[in-house]
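To start, the structure under review is shown below, and the notes come after it.
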Amino acid sequence: MADTHVLIAGAGPTGLVLALWLTRLGVKVRIIDKASEPGTTSRALAVQARTLELYHQIGLDDAVIAGGVKIQNINLWVKGRRAATVPLTGAGENLTPYSFALVFPQDAHERLLVERLGALGVRVERSTELLRFTQHDRGVTATLRRPEGAEETCEAEYIAGCDGASSAVRAQLGVGFPGGTYTGLFYVADVVGTGAPRNKDLHADIEDADFLLLFPLEGDRHWRLVGTVHDLPAGEHGTLTFDDVKGKAMEHLRLNVQKVNWFSTYRVHHRVALRFRDRRAFLLGDAAHIHSPVGGQGMNTGIGDAVNLAWKLALVLKGGSSQKILDTYEPERIAFARRLVATTDRGFVLITSRGALATLIRTRIVPLVLPLLFRLRAFRELLFKTVSQTQVNYRNSALSEGAAGKVRGGDRLPWVRLDSGQDNFGPLTALEWQVHVYGEAQRVLKDACAELRVPLHAFAWEKQMPRAGLQKDALYLVRPDGYVGLADADASAEGLRRYFAAH
C-alpha cells in the first residue's frame, strides 16, 4: 500500500478543500503546487450559500463569514446615473442558514484554507511540480520535481488534478477540453478609494458594450474592480496599467481611487473536460471546467467537486465501499458543469455583446424590469436557489433512489430551523452516512440502523417541516455531503438494507 493515499496536484481552493475533507475523514494526503507561493491577485470573490453549508460541516463557515463582506444591495448604474437598486437580503431566509451574498477574495480564502490544513498537520509542498505519472492496479506512480530541481518518485493510491486550466494531470491523461475563449480583454484591480458608492453594496455599470463591477472588501474604503478593456491599439494589452482603464470607475461610479494594490488583465474561457475520471485519476475545479465569472460560480463549483469526491475516496480507502462508488463522481459533477457553462455563457454574451439589441436590453430593460421582478417572492427564491447552488441535485445518479414529500433521492437535504433554535444540519458535521426521520422512527427502523451501524436522527415533527418539503415519519438517508441518497415515504427497514447492500 502506498504511503500517500491521495496525491493532490494544485493548491488552489479546490485542492485545499479536497485535502481538508480527506484529512478530516482520516485519509493521508500529499498536496503539491508548482507555484512558489499562494496567489495574491485573484478574481474569485463570491462564496455561495451551498459552499458555506459544506464549510459548516468542517467548522470553517464562521471564519469565512468573519473575513468577508455581506452584500446588502446591487446598484445598477447607467451613464453615471443610479438606475436601480435591488435588495439581496432575505431571499433565502427559509432555505439556508446563509441567506446572503458574501464576498471573500480568493487570496484571503486560500490563506485561511492553508492555515486550517496546517493545523491538521498537512503542509502544502510549494515549488513542487508534477512531471508525469502512470497508473497500475494498486495505484499511481508519479514523478515530481522538487524545489531544488531533483526528481522524486511518489506512490499514491489515487491522484487528483486540481491544477487549473492548464492542468498537467489532464494533459497526461489526454482528456479533451473543448470550448472556446470570449473575445475581449478584461481586468481586475484591488484598490483603495472614496466616493459616491456606499460600502456593503455591489455596484454595476452596465452601459454600452462595457461592464464595470465594484465589490466592497473587508477594510475601510477597500474595493475590487472588474471590468472590460476596449478599443486599445493592437499590441498594447501586455503593457496595460490601471491608469489606462480607470476612467469608468472614476467618472461613472464617482470613485476616487487613492491607491492601487494590484492590477491584472485576463481573458475569459468556457470549457468542460470530456471526462472527469480515468481509472485512479480525477479532474476537479478549473482542471475540469472553466466558465465566465457571471454569477460567481467558478470557485464554488470546484469546491463542490472536491467535497463530492472526498467522501467517496475516503469510503473506498477505509473499506466501507467498493471502488464502484467512485463511478458516481463524474456523472454527478459533469452534468452540473455542462449546465453551468451553458447558463453563464448566455449571461456573459448578453452582458458583453456590442449589438444594439443587447445594449437596449442591458441599459434600458434590465434596470426597469429587475426591480419589479425582485418584488416577487417566487422570483427572489428561484434566483437565490440558482446562484447559491442550493438547487444543485443528483437525481439522476446511481446513488439516488426514492421520493418522500417533495424530496427526491439526489436532492440536497432541506434545511429546517427548529423550534429549539437549532437546525437539522447539526448532525452533518459528523461527515458520515446517517438516517433522518422527521416525526417518529419505528422500532424496526431503529433496529435496522443499529444493524447497519448508521446513526439515526429523529426530529420531533414541527410545522415548518412540510413547508421545507419533508414528509412526516418518512426516512431520509443522507450522504456525508448532505445530499439525500434514499428517500422513502414508508420508512422501510428492508428498503434501507437493500440500499446498503446495493451501494
- How many residues are exposed (fewer than 15 other Cβ atoms within 10 Å of the Cβ) and of a type in the set (A, V, I, L, M) if we restrict to the range 172-202? 1
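Matching residues to (1) among the hydrophobic types (A, V, I, L, M, F, W, C); (2) touching an Asp or Glu at 6+ places or on another chain (Cβ under 7 Å); (3) modelled with pLDDT under 90:
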position: S167; (1), (2), (3): no, no, no
position: G184; (1), (2), (3): no, no, yes
position: T194; (1), (2), (3): no, no, yes
position: D208; (1), (2), (3): no, no, yes
position: L213; (1), (2), (3): yes, no, yes
position: H222; (1), (2), (3): no, no, yes
- Message: Considering only residues that are surrounded by 23 or more Cβ atoms within 10 Å (Cβ to Cβ) and under 21 Å from L60 (Cβ atoms), which ones fall in the range 31-40?
- Response: I31, D33
- Task: Only residues that are small (G, A, S) and more than 22 Å from L52 (Cβ to Cβ): list them for the range 423-469, please.
- Result: G439, A441, A448, A450, A458, A460
- Task: Looking at (1) crowded, with 24+ Cβ neighbours inside 10 Å; (2) at pLDDT below 95, find the lone condition where P293 falls short.
- Result: (1)
- Task: Take the range 474-490 and flag every residue that is surrounded by 18 or more Cβ atoms within 10 Å (Cβ to Cβ) and either at positive phi or without any contact (Cβ under 8 Å) to a residue 60 or more places away in the chain (or both).
- Result: L477, G482
- State all residues of the range 402-415 that are under 25 Å from the mean Cα position of the chain (by Cα) and crowded, with 20+ Cβ neighbours inside 10 Å; if no residue qualifies, say none. V407, G409, G410, D411, R412, L413, P414, W415
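Does T89 count as part of a loop (DSSP other than H, G, I, E, B), of a type in the set (S, T, N, Q) and out of contact with any Gly (no Cβ under 8 Å at 6 or more places or on another chain)?
Criteria met by T89.
Under the condition of being of a type in the set (A, V, I, L, M) and assigned to a loop (DSSP other than H, G, I, E, B), which residue from the range 98-128 is surrounded by the fewest Cβ atoms within 10 Å (Cβ to Cβ)?
Out of the qualifying residues, it is L120.
Each row is one residue, and each column tells you yes or no for (1) closer than 26 Å to I159 by Cα; (2) crowded, with 23+ Cβ neighbours inside 10 Å.
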| position | (1), (2) |
| --- | --- |
| T23 | yes, no |
| G26 | yes, no |
| A46 | no, yes |
| D61 | no, no |
| K70 | no, no |
- Query: Can you name the residue in the range 21-68 that is assigned by TED's automatic domain parsing to the domain that holds A287 and in a strand (DSSP E or B) and is also farthest from G121 (Cα to Cα) among such residues?
  - Reply: I32
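The values are calculated or read from the model by the stated rules, or taken from the named source; none is laboratory data. Bear in mind that the values here come from a model prediction, so they are computed numbers and not experimental data. All Cβ positions, glycine included, derive from the backbone under ideal geometry; neighbour counts span all protein chains shown.
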